[in-house]
Amino acid sequence: MSPVASNPPQPGSTHSSVIRNFCIVAHIDHGKSTLADRMLQSTKVVTPREMQNQFLDNMDIERERGITIKSQAVRMPWQVGNEDYILNMIDTPGHVDFAYEVSRSLAACEGAILLVDAAQGIEAQTLANLYMAMEHDLEIIPVLNKIDLPAAEPERYALEISNLIGIDPDDVLKVSGKTGEGVEELLDRVVRDVPAPSGDAEAPARAMIFDSIYDTYRGVITYVRMVDGKLEPRQGIQMMATGSTYELQESGIYSPDAIPSKGLGVGEVGYLITGVKDVAESKVGDTVTSKKQPAEAPIGGYREPQPMVFSGLYPIDGSDYPALREALEKLQLNDAALSYEPETSVALGFGFRVGFLGLLHLEIVRERLEREYNLDLISTAPNVIYNVTTEDGTVVRVTNPSEFPEGKITEVDEPMAMATVIVPSEFIGSVMELSQNKRGQLSGMDYLSEERVEIRYWIPLAEIVFDYFDLLKSRTKGYASLNWHRDGSQIADLVKVDILLQGDAVDAFSAITHRDHAYSYGVKMTSKLKELIPRQQFEVPIQAAIGSRIIARENIRAIRKDVLSKCYGGDISRKRKLLEKQKEGKKRMKMVGTVEVPQEAFIAALSTDTDT
Amino acid sequence: MLPDFVAAAVNGSDRTFSLYVHVPFCSSRCGYCDFNTYISPDLGPGASHESYADSAIKELEFAADAMEKSGVAAKPLHSVFFGGGTPTLLQATDLTRILQRAEQLFGIEDAAEITTEANPDSLSLDAVQRLADGGFNRISMGMQSSVSHVLQVLERTHNPDNVEIAAGWIRDSGLEMSLDLIFGTPGESIADWKRSLDAVLTLEPDHVSAYGLIVEDGTKLAAQIRRGVYPNTDPDDQADKYLLTERRLAAAGYRWYEISNWAYDPHDEGIHQSQHNLAYWRDQDWWGIGPGAHSHMAGLRWWNAKHPAAYASRVLANKSPAIGHEIPDSDARLLEKIMLGVRLAEGLDIEELAAQNKEAAALVQREAKVLGAQELIESSALENGKIVPTLKGRLLDDAITRRLAGF
């Protein structure tokens, strides 16, 4: 007896009663990809031989970091009893930066597998996504993974999960993605527990976009969940939020490769190709409808992507500026959340102020620019958006310290976040100390079990963006997990700290910080720069200042010896080559006033360190 | 064979021709040393204490032959320098034998300076006299320091007392004497360095070389510093000691003529300066004999196989021991010219530079004004068309070079 569907229903003509749409909510490393691979194998969608390990993550960076950035959806046939079913597994991004994308993926499903590592228990991000899934009324199927591990404690964590979602601990499935144990039972359970999609097959077509990616050969590939009606190739379609219309060139499903279909029917999950070249034309959350017979209202929940973190990106070699612009243009084709505008820094030259969803998004974009486009970049310290009210009542939106208004300021409004931290209870003290130090206000604390606590802090987004997570990890020996979402704003006593070299402010080093932290920022930067900037022929004072008030000072003493003592026969070529090398190195120097600052100093000074 | 341009540039010119002979042997290896030298007295055929002189003579003959075949007119040697290693580990007769063969092949100018380096422990009165009789007129002795804990860090094994004894022999044999010193060794105090300078002055050498210690990659000392056995050298400490050196030596009648070199010349007659070293800095021609030796003729630079056995097997087979060469392009030659010129008290001659490259000379002229204002070069010399570093400028000589070379 094989549970694999013998004669599965075809895309476009599948009755919604046999469709089960689900996703997997899991923390990084809790084995989501391995479990997904197992499901593909159990349903014979891929043979073991074809198995490219961790099928769902198809970008290099994702694989290296073990994070799913872009979601995909796979159609898997499965038989229970004599009935053939279609399971659509929708992959969700696992990181907090992509909370909106997660919410759209969840909205495309009726059920969610809550996957928890049986040796580690639930983590903050999983919890956040679980709450989100529950808000979407998804049927939750709790699963403990990695039960084959010697350190697994399934009973303990089953209890933790049952406390969280209010079910019997015995209802928590126990599987091993590695050995395959329990995977078929899980598939059966999906069929049994996840409700079939409820949509109107006769109504005007409505499909929700839960992802769109740019493919060099095909243009934009739009992933949709059909909510009502049907879409077929060659019909006219319309994007309801943008209003733009296209001809549908192709529809299809992934199983696991793209298979074109005659159409997509109600409840089905698949892809659309319209010939669009820019993902911004096919926005996550938007509703696709028929041009001829449009739906009256879009599916709810659409939102424009909102960058929350800004950073200046500058090419180390100024002549790479056009290449950087071109690379950003290309990345934007595939990343609707990425926004940028040109900016100029006195110290760093021409670059871009780039908006990101969060820090991970920033790191990924930066890494892709460096790796895929071969650019050497300097990125300035990440910044959030402040609203600064000046004395005359003008409100200035500040995404860059250099925009911080001079003169008298009435108030500064800073964005806040609600941060959720899950840690073993022994670290409560460390987490509270750090969070308070980072200006957080305790908003609640719950014991998930005797050993693990969920702590919630209302905390300035700027602190999260700066080094809160790094410090959190180091102070909790890596045990803490963090999740956050934007949550209001507050008026705070914030100031701009400038760093001056020989009396000239270096814009790239300016920072907006709380008045209480200004001094420590000033001391840290001045002493760091003292180490990083080589001695010059004259003394170079390095100062930190708020306005005209100096709050910290260091001196780089003038160099007194800059000569190689020996220069005989064989030394001549050697010394000449050394000088030629210095000449090359000089190209990597930026002149700040009369001070030569090596690029490395900018990079090192702007990188946040975790050792503090 | 040498490229055609060498003969064209050398023949009929006033370029001088010098000879360097490398002796790649030492009795022990000093921790700071990265020279091409070996402890074993026998590294193979033609590469032992006994047989090395024959290999060197072979290369001399090869050199004379190659020059003749390339149409480079023979010139009597302007200077000869035996360096190492420790040349005096060879028998004095071996050294004089090499010198005599060179004289037969090339001739030697009447007033030629003929030097050998020596370690105080490897000298004897007999050897000094033999060297004097065999044509040497100058000995450069590696003294480094007179302070025993400093010598220990450098791993110099010689007994400081032997320096004084050897200096007496050199004097008595009528030879000129130069002393080599190192300052800025880890653990050396200012007082230690003063003691060394005092010791030097009592020996009344004709010439003093004093180098700030350079910790070269790959040396034992570099590893010791990395491991924290010794502190690293401190450029400020070296600057202080350099200024002290200048003050003490100048007060005793010595004049600097190159960054790290002083000649006893109380009446400013230009005497006692090392003619051989000046040949390097004045961009003259020289042939370097021996393993790893570098040569230069009219812009062509080449260097020999480094290991003595590899070197010897080549020369014994009548093959060139050179394993690499370069012909620096005009930019590189320009940089060399500036770099070498500004190390000298006689300075960089702007007019000479203009003959090489007009634009470069114009740049130097412009930048010199800035350097003059910064008191890094002598304004009076500039009026005569020369770039001469001031005392402050000598310590920042590489910065001067960079500025004049336009970067």
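The values are calculated or read from the model by the stated rules, or taken from the named source; none is laboratory data. This one's a predicted model, so the numbers in the text were calculated from it and none came from an experiment. Cβ sites come from the backbone with ideal geometry, for glycine too, and all protein chains shown count toward neighbours. Note: areas computed on protein heavy atoms with side chains; ligands, DNA, RNA excluded. Shrake-Rupley method; radii C 1.70, N 1.55, O 1.52, S 1.80 Å.
Give the residue, chosen from A:Ser481, A:Ser430, A:Ser449, that is touching a helix residue (DSSP H, G or I) at 6+ places or on another chain (Cβ under 9 Å), farther than 18 Å from A:Met416 by Cβ and surrounded by 21 or more Cβ atoms within 10 Å (Cβ to Cβ). Even if it seems obvious, please write down each step before you answer.
Values: A:Ser430 fails: surrounded by 21 or more Cβ atoms within 10 Å (Cβ to Cβ); A:Ser449 fails: surrounded by 21 or more Cβ atoms within 10 Å (Cβ to Cβ).
Result: A:Ser481 is the single residue among A:Ser481, A:Ser430, A:Ser449 that is touching a helix residue (DSSP H, G or I) at 6+ places or on another chain (Cβ under 9 Å), farther than 18 Å from A:Met416 by Cβ and surrounded by 21 or more Cβ atoms within 10 Å (Cβ to Cβ).
So is A:Asp117 over 24 Å from A:Arg192 (Cβ atoms), open to solvent by less than 20 Å² (accessible area, probe 1.4 Å) and at pLDDT 90 or above or not? I'd like the intermediate steps shown before the answer.
On the way: over 24 Å from A:Arg192 (Cβ atoms): yes; open to solvent by less than 20 Å² (accessible area, probe 1.4 Å): yes; at pLDDT 90 or above: yes.
Spelling it out, A:Asp117 is indeed over 24 Å from A:Arg192 (Cβ atoms), open to solvent by less than 20 Å² (accessible area, probe 1.4 Å) and at pLDDT 90 or above.
Can you pull out the residues in region B:274-286 that are crowded, with 23+ Cβ neighbours inside 10 Å and either away from chain A (no Cβ under 13 Å) or aliphatic (A, V, I, L, M) (or both)?
B:Ala279
May I ask you to list pairs of residues, at least six apart or on different chains, whose Cβ atoms are under 9 Å apart, with the first in region A:162-181 being in the same structural domain as A:Lys32 (by TED's automatic domain parsing) and in contact (Cβ under 8 Å) with a residue 24 or more places away in the chain and the second being of a type in the set (Lys, Arg) and part of a strand (DSSP E or B)?
Note: pairs meeting the criteria are A:Glu181/A:Lys174.
Quick one: B:Asn159 ticks every box in (1) farther than 30 Å from B:Gly134 by Cβ; (2) among the polar types (S, T, N, Q); (3) away from chain A (no Cβ under 14 Å) except a single one, so which number is it?
Tallying (1) farther than 30 Å from B:Gly134 by Cβ; (2) among the polar types (S, T, N, Q); (3) away from chain A (no Cβ under 14 Å), B:Asn159 fails exactly one: (1).
Could you list, in sequence order, the residues of region A:153-196 that are open to solvent by 70 Å² or more (accessible area, probe 1.4 Å) and among the β-branched types (Val, Ile, Thr)?
Within region A:153-196, A:Thr179 is the sole residue that qualifies.
Any idea which of (1) crowded, with 21+ Cβ neighbours inside 10 Å; (2) in contact with an Asp or Glu (Cβ under 6 Å, 6 or more places away or on another chain) is the one B:Asn162 doesn't satisfy?
(1)
B:Ala53: assigned by TED's automatic domain parsing to the domain that holds B:Val150, in a helix (DSSP H, G or I) and touching a Leu at 6+ places or on another chain (Cβ under 9 Å), yes or no? Lay out the reasoning, then the answer.
Numbers: assigned by TED's automatic domain parsing to the domain that holds B:Val150: yes; in a helix (DSSP H, G or I): yes; touching a Leu at 6+ places or on another chain (Cβ under 9 Å): yes.
So B:Ala53 fits the description; yes.
Is there a residue in region A:397-406 that is farther than 18 Å from A:Val495 by Cα, in contact (Cβ under 8 Å) with a residue 12 or more places away in the chain and under 28 Å from the mean Cα position of the chain (by Cα)? Explain how you work it out, then say what you get.
If we filter region A:397-406 for residues that are farther than 18 Å from A:Val495 by Cα, which is where we start, we get none.
For region A:397-406, residues farther than 18 Å from A:Val495 by Cα, in contact (Cβ under 8 Å) with a residue 12 or more places away in the chain and under 28 Å from the mean Cα position of the chain (by Cα): absent.
What number of residues in region B:392-407 are hydrophobic (A, V, I, L, M, F, W, C), at the interface with chain A (Cβ under 7 Å from one of its Cβ atoms) and part of a helix (DSSP H, G or I)?
The number of residues fulfilling the criteria is 2.
Name the strands (runs of 3 or more DSSP E) wholly within region B:63-154 that hold at least 2 residues that are open to solvent by 30 Å² or more (accessible area, probe 1.4 Å)?
Working: elements: B:77-84, B:108-118, B:138-144.
The qualifying strands (runs of 3 or more DSSP E) are B:108-118.
Anything in region A:16-30 that is surrounded by fewer than 24 Cβ atoms within 10 Å (Cβ to Cβ) and more than 17 Å from A:Ala108 (Cα to Cα)? List them, or say none.
A:His27, A:Ile28, A:Asp29
So, in region B:303-323, exactly how many residues are more than 10 Å from every other protein chain (Cβ to nearest Cβ) and open to solvent by 10 Å² or more (accessible area, probe 1.4 Å)?
Number of matching residues: 13.
So which residues in region A:311-320 are open to solvent by 40 Å² or more (accessible area, probe 1.4 Å) and farther than 17 Å from A:Arg371 by Cβ, if there are any at all?
A:Gly318, A:Ser319, listed by residue number.
What is the one condition in (1) within 13 Å of another protein chain (Cβ to nearest Cβ); (2) open to solvent by 70 Å² or more (accessible area, probe 1.4 Å) that A:Glu596 does not satisfy?
(2)
Of the conditions (1) crowded, with 20+ Cβ neighbours inside 10 Å; (2) of a type in the set (A, V, I, L, M, F, W, C); (3) out of contact with any Leu (no Cβ under 8 Å at 6 or more places or on another chain), A:Ala297 clears all except one; give me its number.
It fails just one condition, (1).
Within region B:189-218, work out how many residues are more than 14 Å from every other protein chain (Cβ to nearest Cβ), buried (at least 19 other Cβ atoms within 10 Å of the Cβ) and not in a helix (DSSP H, G or I).
3
Of all residues being in contact (Cβ under 8 Å) with a residue 60 or more places away in the chain and crowded, with 18+ Cβ neighbours inside 10 Å in region A:556-593, which is farthest from the other protein chains (Cβ to nearest Cβ)? Just the residue, please.
A:Val592
Looking only at region B:223-257, count how many residues are open to solvent by 60 Å² or more (accessible area, probe 1.4 Å), within 14 Å of chain A (Cβ to nearest Cβ) and touching a residue at least 60 places away in the same chain (Cβ under 8 Å).
0
List every residue pair whose Cβ atoms sit under 6 Å apart, with the two residues 6 or more apart in sequence or on different chains, where the first one lies in region B:159-188 and is assigned to a loop (DSSP other than H, G, I, E, B) and the second, anywhere, is acidic (Asp, Glu).
B:Gly184/B:Asp237
Of the residues in region B:332-390, how many are out of contact with any Pro (no Cβ under 9 Å at 6 or more places or on another chain), among the basic types (Lys, Arg) and within 14 Å of chain A (Cβ to nearest Cβ)?
Going through region B:332-390 one residue at a time, the tally reaches 2.
Pick out the one residue from B:Glu246, B:Glu216, B:Glu258 that is within 30 Å of A:Pro534 (Cα to Cα), in the same structural domain as B:Gly85 (by TED's automatic domain parsing) and touching an Asp or Glu at 6+ places or on another chain (Cβ under 6 Å). Break it down stepwise before answering.
Working: B:Glu246 fails: touching an Asp or Glu at 6+ places or on another chain (Cβ under 6 Å); B:Glu258 fails: touching an Asp or Glu at 6+ places or on another chain (Cβ under 6 Å).
On inspection, the qualifying residue turns out to be B:Glu216.
Take B:Phe35 and tell me if it is of a type in the set (Phe, Trp, Tyr), open to solvent by 10 Å² or more (accessible area, probe 1.4 Å), closer than 30 Å to B:Val229 by Cα and outside any helix (DSSP H, G or I). Spell out the reasoning first.
Numbers: of a type in the set (Phe, Trp, Tyr): yes; open to solvent by 10 Å² or more (accessible area, probe 1.4 Å): yes; closer than 30 Å to B:Val229 by Cα: yes; outside any helix (DSSP H, G or I): yes.
Spelling it out, B:Phe35 is indeed of a type in the set (Phe, Trp, Tyr), open to solvent by 10 Å² or more (accessible area, probe 1.4 Å), closer than 30 Å to B:Val229 by Cα and outside any helix (DSSP H, G or I).
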